Amino acid sequence: MPADAPASLKVSAKSLSESASLYRRHCVHCHGLSGAGNGPTAPFLFPKPRDYRLGLYKFTSTTADAKPTREDLLNTLRIGVVGTSMPAFSLLDEDELHALVDYVIHLSVRGEVEYVVMEVVADEDMDESELLEIAVDEASSEMARWENAGDLVLMPETPEPEFTEASVKRGHELFVSADLQCAACHGYTGRGDGPSAEVNPQTGQPLLDSWSERIAPANLTLGLYRGGRRPVDLYRRIHQGIKGTPMPVLRSAFKNNPEDIWHVVHFVQAIPYMDLDPIVVETTPAASPAEGD
């Protein structure tokens with residue numbers, strides 16, 4: 001690693017070798033040797049295993065443009081991702097879990113550096129020393145972003161109010177409102193069957209994630225929350241969106257009434273236990289992550 005890499009991300013060659021061995025034993029069959037999500041099991045899975053090379057992770061505690069924290073990745077290893085083929089590795093000891101996180105970060109940084117170098121090679125004629133300098137600078141920059149992620153954890157602006165019928169009702173009103181447009185994708189009853197659920201109305205193309213895979217809005221009636229089921233987990237999904245997906249950043253919609261996010265959280269928690277009549281809701285195309293930011 002570069003000499004100026006953040007201290008907490010520096011690992012010895014021996015540690016990296018041990019981490020690689022654990023990764024090959026537990027992860028490579030889905031995520032692939034390079035972390036490209038193309039292991040031998042991957043073609044048979046939906047959703048596809050994560051491709052680490054873009055440095056994007058969907059379910060994090062950090063703000064929209066930040067890397068996940070180490071604890072975010074550790075939590076994913078400990079509990080898995082519900083509703084997918086990603087299992088829990090809670091039987092591994094803490095040292096092994098941390099070693100796997102080290103290797104996943106290594107694969108992400110390496111992948112992002114490779115993309116940058118390939119872009120430069122395609123556009124400019126550079127010698128090996130110049131490319132090496134670019135690679136070292138990019139690696140240092142990316143590792144600094146990982147190091148600083150802990151400073152960018154999103155904390156709620158207001159305390160969670162009491163879970164009441166009135167709060168759920170207010171959350172429902174916001175869910176179907178023109179400001180949030182949640183029903184455009186998730187549908188009025190939360191079944192993931194809204195008018196924009198399959199095709200992006202702005203492009204006429206299927207909904208895709210940043211890995212060019214088709215993606216469907218969550219069916220909230222199932223009560224399966226891949227990013228965690230704690231109220232604060234749902235708060236973060238609504239406030240900052242889901243990285244790498246069409247789920248937009250909605251924080252600006254709540255700037256005048258930040259407590260309203262909690263009411264939407266309460267409605268989402270209540271949907272599996274509600275009997276909502278399917279009705280036609282007038283919606284407009286949902287905002288992209290950039291537009292909602």
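What follows is calculated from the coordinates using simple rules that are stated; it is not laboratory data. This structure is a prediction, so every number in the text was calculated from the model and none was measured. Counting neighbours? That spans all protein chains shown, and the Cβs are built from the backbone with ideal geometry, glycine included.
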For a quick size check, give me the Cα extents of segment 7-152 along its three principal axes, largest first, whole Å. 48, 35, 34
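Mind checking the dipole of segment 93-199: about its Cα centre, +1 per Lys or Arg Cβ, -1 per Asp or Glu Cβ, Debye to the nearest 20?
1140 debye
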Each label sits 7 Å from Cα toward the beta-carbon; between SER210 and ARG24 the label points are separated, in nm, by 3.0 nm
Value of D in µm² per second that Stokes-Einstein yields for the chain, Kirkwood Rh from Cα pairs, at 10 °C (1.306 mPa s): 77 µm²/s
Taking the 0 to 90 degree range and rounding to the nearest ten, how far is the long axis of helix 260-270 tilted relative to the main principal axis of the chain, both from C-alpha atoms? 80 degrees
What angle do you read, to the nearest 10 degrees and between 0 and 90, between the alpha-carbon axis of helix 231-240 and the longest principal axis of the chain? 80 degrees
Taking a cut-off of 20 Å, what percent of all Cα-Cα pairs in segment 165-292 are separated by more than that? 38 percent
Could you tally up the Lys pairs in the chain with alpha carbons closer than 28 Å? Skip any pair fewer than 8 positions apart unless they're on separate chains. 14
Treating the beta-carbon of each Lys and Arg as +1 and of each Asp and Glu as -1, no other charges, what is the dipole magnitude of segment 39-121 about its Cα centre, to the nearest 20 debye? 340 debye
Longest principal axis of the chain (C-alpha) makes with the long axis of helix 13-26 (C-alpha) an angle, in degrees to the nearest 10, of 50 degrees
Given charges at beta-carbon only (K, R positive; D, E negative), |dipole| of the chain in Debye: 1240 debye
Kirkwood hydrodynamic radius, segment 164-225, all distinct C-alpha pairs: what's the number in Å? 12.5 Å
When a footprinting reagent is the concern and you count Cβ atoms within 10 Å, what order do SER196, SER252 take, fewest first? SER252, SER196
Which value at 222 nm does the chain reach when only helices count, each DSSP H run of 4 or more adding -39,500 (n - 2.57), with the total divided by all residues and rounded to the nearest 500 deg cm²/dmol? -12500 deg cm²/dmol
Arrange PHE44, PHE254 by Cβ neighbour counts within 10 Å, fewest through most, would you? PHE44, PHE254
